[in-house]
Amino acid sequence: MLVTMNNLYGYGPVDHPMTERDELASNGVKGRVRARMWEEAKAAHDSGLARVTEARASDFFGPGDTANHFGRMIPRVLAGKTMRVLGSPDMPHSWTYVPDVARTLVTLARDERAWGRPWHVPTNPPLSQREVVAALADLTGVPAPEVRGIPNWVVRAAGIASPMMRELREVSYQFERPFVLDSSAASETFGLEPTPMDEALRATLDLKR
């Protein structure tokens, strides 16, 4: 039995909320690698070599997870510094809570209905980067800092000297257009629901009610 964890790179740019029925049509290196991983796992399942399923999630956030895009926002919010973000600050974006990922993986491993297909981790309605910053500021009682988008030409120019910025160019579309995950299949099949966003943000910030 094999339960794998993946992200949404494999879909590439889409113009609708992503579902598990969407084709893995990315033309980028990162997306094609992830698509190939699932295709090989699914082939093993279909041939009877293994029982396989996969969970897919959007950008992670959660307690102690500070190395990702979401986590890097928090110190700047608390410091009241101007926030510079990739793409448009106002595009809807899905954010997946790490403990919800863990619950989903355990559920998939234990439920016969999970095998042979991917499932999206239950995820709250999307929030733009500006809305995330405002929510974090409100919960911590600090004024919401100004939020500005980083122009594409800046990302391209920075990529000349910075390998990390160069790699970000491939997935920059995720913040330049709506990037929304539809996780209704897992909720309807397994009864899983995302942790309410307010509760998830409080836990991420280590705030006590």
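Just a few scattered comments:
- Which numbered condition Asp46 misses (of (1) surrounded by fewer than 20 Cβ atoms within 10 Å (Cβ to Cβ); (2) closer than 27 Å to Glu170 by Cα; (3) of a type outside the set (Gly, Ala, Ser); (4) more than 17 Å from the chain's Cα centre (by Cα)): (2)
- Filtering the stretch 154-209 to residues that are of a type in the set (Asp, Glu), modelled with pLDDT of 95 or more and assigned to a helix (DSSP H, G or I) leaves Glu188, Asp198, Glu199.
- A single member of Thr104, Thr19 is surrounded by fewer than 17 Cβ atoms within 10 Å (Cβ to Cβ), of a type outside the set (Lys, Arg) and under 16 Å from the mean Cα position of the chain (by Cα), and it is Thr19.
- Verdict on Thr19 being β-branched (Val, Ile, Thr), touching a Leu at 6+ places or on another chain (Cβ under 7 Å) and either over 25 Å from Glu176 (Cβ atoms) or modelled with pLDDT of 95 or more (or both): no
- Any hit, the stretch 30-47, residues being farther than 19 Å from Asn6 by Cα, of a type in the set (Lys, Arg) and in contact (Cβ under 8 Å) with a residue 60 or more places away in the chain: no
This table checks each residue for (1) loosely packed, with under 14 Cβ neighbours inside 10 Å; (2) under 25 Å from Arg169 (Cα atoms); (3) in contact (Cβ under 8 Å) with a residue 24 or more places away in the chain; (4) in contact with a helix residue (DSSP H, G or I) (Cβ under 6 Å, 6 or more places away or on another chain).
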residue: Ser26; (1), (2), (3), (4): no, yes, no, yes
residue: Arg51; (1), (2), (3), (4): no, no, yes, no
residue: Val77; (1), (2), (3), (4): no, yes, yes, yes
residue: Glu131; (1), (2), (3), (4): no, yes, no, no
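- So Pro122, is it outside any helix (DSSP H, G or I), modelled with pLDDT of 95 or more and within 28 Å of Leu207 (Cβ to Cβ): yes
- Within the stretch 1-105, strands (runs of 3 or more DSSP E) holding 3 or more residues that are closer than 16 Å to Val133 by Cβ: 83-86
- The conditions of being in contact (Cβ under 8 Å) with a residue 24 or more places away in the chain and of a type in the set (Ser, Thr, Tyr) are met by Ser94.
The values are calculated or read from the model by the stated rules, or taken from the named source; none is laboratory data. None of the values given here were measured: they were computed from a predicted structure. Using ideal geometry, Cβ is built from the backbone for each residue, glycine included, and neighbour counts are taken over all protein chains shown.
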